[in-house]
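I have placed the structure first, in the form of structure tokens, so that the comments after it can refer back to it.
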Amino acid sequence: MKGKNIVITGASGGIGAEIAKLCAESGANLVLLARSVDKLKQLQINLEEYHHIQVDVFKLDVSDTDQIKEVFEQIFEQIGDIDILVNNAGFGVFREAHEATLDEMKGMFNVNVIGLMACTSMVLPKMRERRFGHIINIASQAGKLATPKSSVYSATKHAVLGYTNALRMELDDYNVQVTSVNPGPIATNFFNIADEQGTYVKNVQKFMLEPGYVAQKVVDSMLTKTREINLPRWMNMGSVVYVLFPRLFERIGKRVLNSK
Ligand code: NJP
């Protein structure tokens, strides 16, 4: 990965920042994007100092598609071709469907789905032309198995998985890899917004993943033909069984499925 240009959205914290740190260790050049530009600049200083790599930061709200176009055009002009795009920016709000506001629904879809697709659209022409690249979309186990209080969030991640699977097939002949990452709960600031009451965090504390562990799996997959990363594996088994026996699964697993 030495010298490769890697763009990460939502790099100001959580798994995005962890992915950035691990990519820096491998000698890649980084482009870090998020709204919190101060946090990005601090990360830039640390990574440049310790790893002697090029790190560029741009303020980007991925819910603003005009901004996406401007920022990616600047990246192409100032830095050059993008080798790996990690679509990581995202958020969730855990609420029952009847309580979810239209603003929340639009907000989640604009960031998690439209933003992800708009960033991808910016890199696709060049990657197809160069017959080289890797697009990594951070989805979720919620994109495979929807649970109460995550109707909207799950819907966004189902959309991400649908998009990602079709994209992979479209790019099959172009040597552009497409990977979806489907984690269960990870110990990040995600839950400050998603789970205000702390109920879910309390219920899943035992099997919460460390962000560095998830990031390592993502970085290990870079420039390989990894189709999906599912973490933890046992949780993905649940998603597989759910597809086969949905009615039974919902009945037997009711208590666990209601942990939000
Ligand atoms: O969350 P957090 P994670 N425009 O809150 C950025 C998925 N996931 O690392 O803009 C641009 O620590 C935000 O930056 P800022 C999840 O759905 C998580 O856990 O400065 N960026 C920050 O850097 C998401 O797709 C869990 O506020 C925006 C980053 O996104 C990904 O993992 C489980 C933005 C969020 O960092 C990373 O989340 C799962 C915007 N409008 C999937 N809005 C989990 N944590 O349990 C937010 O299955 N960001």
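Observations
- Annotation: of all residues in the stretch 181-198 being within 7 Å of the ligand (Cβ to nearest atom) and in a loop (DSSP other than H, G, I, E, B), the one that is surrounded by the fewest Cβ atoms within 10 Å (Cβ to Cβ) is Asn189.
- Verdict on Thr101 being surrounded by fewer than 17 Cβ atoms within 10 Å (Cβ to Cβ) and either within 30 Å of Thr224 (Cα to Cα) or not hydrophobic (A, V, I, L, M, F, W, C) (or both): yes
- Count of residues meeting criterion [within 16 Å of the ligand (Cβ to nearest atom), in a loop (DSSP other than H, G, I, E, B) and within 17 Å of Asn29 (Cβ to Cβ)] in the stretch 46-64: 0
- Residues (within 16 Å of the ligand (Cβ to nearest atom), of a type in the set (Phe, Trp, Tyr) and either without any contact (Cβ under 8 Å) to a residue 12 or more places away in the chain or under 27 Å from Lys21 (Cβ atoms) (or both)) located in the stretch 65-117: Phe72, Phe91
- Tallying residues that are within 13 Å of the ligand (Cβ to nearest atom) and over 16 Å from Thr226 (Cα atoms) within the stretch 149-176 yields 10.
- Pair list, Cβ under 6 Å, 6 or more apart: the stretch 207-221 residue touching a residue at least 60 places away in the same chain (Cβ under 8 Å) and within 11 Å of the ligand (Cβ to nearest atom), other residue part of a helix (DSSP H, G or I) and of a type outside the set (A, V, I, L, M): Pro211/Gly14; Pro211/Glu18; Ala215/Glu18
- Meets criteria (within 15 Å of the ligand (Cβ to nearest atom), touching a Leu at 6+ places or on another chain (Cβ under 9 Å) and under 30 Å from Glu170 (Cα atoms)) for Ala20: yes
Where a number appears in this text, it was derived from the coordinates with a stated rule and is not lab data. These numbers come from a predicted model, not from an experiment. Virtual Cβ from ideal backbone geometry, glycine too; neighbours counted across all protein chains shown.
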